[in-house]
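Working notes, beginning with the structure itself.
What follows is calculated from the coordinates using simple rules that are stated; it is not laboratory data. Note that the coordinates shown come from a computational prediction; the quantities given were computed from them, not determined experimentally. Cβ: placed from backbone, ideal geometry, glycine included. Neighbour counts: every protein chain shown.
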Amino acid sequence: MSGRAAGERTGGGRAGARPGGRSGAPPRGRRRTYAIVALCLSLLAAGVVAGVEWARRWEGSVTLLGNWTGGDEERFRREVLEPFEREHRIRVVYQGSSAESQVLAADVEAGTPPDVVVMPGPGELAAYARQGRLKPLDGLFDPDHYDPMWAPELAGGVHWVPVKADLKSMVWHPGALTEAEAARIARDPGEWCLALESGATSGWPGTDWVEDVLLQQAGWETYQKWATGRLPWTDGAVRRAWTTWGDLVGAGDRRRVERALLANYADPWGGSRPTCRAERLEHQAAFVRSGAHWTAVRGTYVHSRAVVPGARRDLTAWEVSGDLAAMLRDTPEARALIRHLADPGTAQLGFTANRAVPAGRYDADPMAGRIDATLRGRGTMRCWDASDAMPPAMRDAFHQAALRFLVAPRELPERLAVLEEVRSRHKDAAWLPTVCGNG
């Protein structure tokens, strides 16, 4: 007789079987409870593992404010910050903003400044150093690796270190043109590509022009007096620099000026409606050399004194700019990041002012090697971009004046009077003592 038949006769299967299931199996409700407990335990275990992994990966964090966004930010994260995080297990919370000055001012006012900031130029940082907001960087890097103009002692110590440098006083032209031909066509405003739009800092390419013309015409000593607040804006040398710039680029030409005011400095040659097309000259920093336009025409550069009317021939001085790292909160993580940014072995986002970085990195690129030698060579006179070195109020007024002058060059006396009034009101601001050096 089959087992099933036997089971049916005894009325309910094997001895000891629980109703509703197999022998030894828990009731359905208890099974559900066990499943829930098992799920909770597995989730708890996963959380513990994740927590251990987090603790093993990050040993601290540091906040960093900079002005790099978009592709520049991605490269900065990938080449500079990620290696730091891997080596030190310190997480970098980076905030990039094109309105960095305003963001930093608001954060400082609210009492929540970033640990570290990277800013273009020393003018704004000098103001924070004077207020006691910046922490000295003594012992975090070797100042002897830099010309003193890059990392000066101010307010009782060194308060910033360059992380990127750029060469200015450059006039770019197609490789097919000779220096003499570039100088000849420079007197025609139609040959100049001009773009002044830059968001909250629109106008700075115009201030670069005025600064460079003054440097080449009057020399570095006069330039330094002006950039450090010791020379009036109404001085004849300053006025001459403005008018020379206006004559070169066609200030007052309505159609040309409108194009220049709306054109973004970053790429006036690109897009569906480029501002610059047939022009053959551009006054811009070293960073443009790798742009699509100048690459296509095998672009090269001449020193601006070759094309500036009235430029002195008995000296050579270059305008420079740079991005500077400073510390607002003295923490072990912030100190580690400053050391990393100043380390000669850290990847460079462009050119550097650090003399400890091997020069051979440009052996395959003669133009880059030439720019690098100018930025770091001893005996070469270099002067900070004046607007970047000035107190913020003076810098902002200068930017606005450059835009207004292009539109109405005949109002230059009024513009200079306003700038002189701003200088007078801020005589006691944190002007740098020097902006030039050849050490």
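Some values worked out for this structure:
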{"quantity": "Neighbour-limited loop hits for trypsin sites (Lys or Arg not before Pro), region 152-194 (at most 15 other Cβ within 10 Å; DSSP other than H, G, I, E, B)", "calculated": "R187"}
{"quantity": "Rounded Å value of the spacing that divides the Cα centres of region 56-130 and region 350-406", "calculated": "21"}
{"quantity": "Residue-averaged 222 nm ellipticity for the chain, from DSSP H runs of 4+ at -39500 (n - 2.57), nearest 500", "calculated": "-12500 deg cm²/dmol"}
{"quantity": "Top of A429, A402, A389 by mean-square fluctuation, Gaussian network on the chain, Cα under 10 Å", "calculated": "A429"}
{"quantity": "Pairwise Lys count, the chain - Cα closer than 25 Å, eight or more residues apart or different chains", "calculated": "4"}
{"quantity": "Difference of contour (0.36 nm per residue) and Cα-Cα distance, T316 to Q95", "calculated": "75.7 nm"}
{"quantity": "Of Q348, M367, V213, farthest towards positive along the dipole that unit charges on Lys, Arg, Asp, Glu beta carbons give the chain", "calculated": "Q348"}
{"quantity": "Of R395, R425, R305, the one that fluctuates the most in a GNM where the chain has Cα springs shorter than 10 Å", "calculated": "R425"}
{"quantity": "Dimensionless Rg/Rh of region 393-439 - Kirkwood Rh, Rg from C-alpha atoms", "calculated": "1.09"}
{"quantity": "Candidates V116, V297, V92: whichever shows maximal mean-square fluctuation once the chain is modelled as a Gaussian network with Cα springs under 10 Å", "calculated": "V297"}
{"quantity": "Radius of gyration, Dmax [the chain; alpha carbons; angstrom]", "calculated": "31.5, 125"}
{"quantity": "Exposure proxy ranking, count of Cβ atoms within 10 Å, fewest first, for M327, M367", "calculated": "M367, M327"}
{"quantity": "Beta bridges by DSSP in the chain, antiparallel share as percent, to the nearest 5", "calculated": "60"}
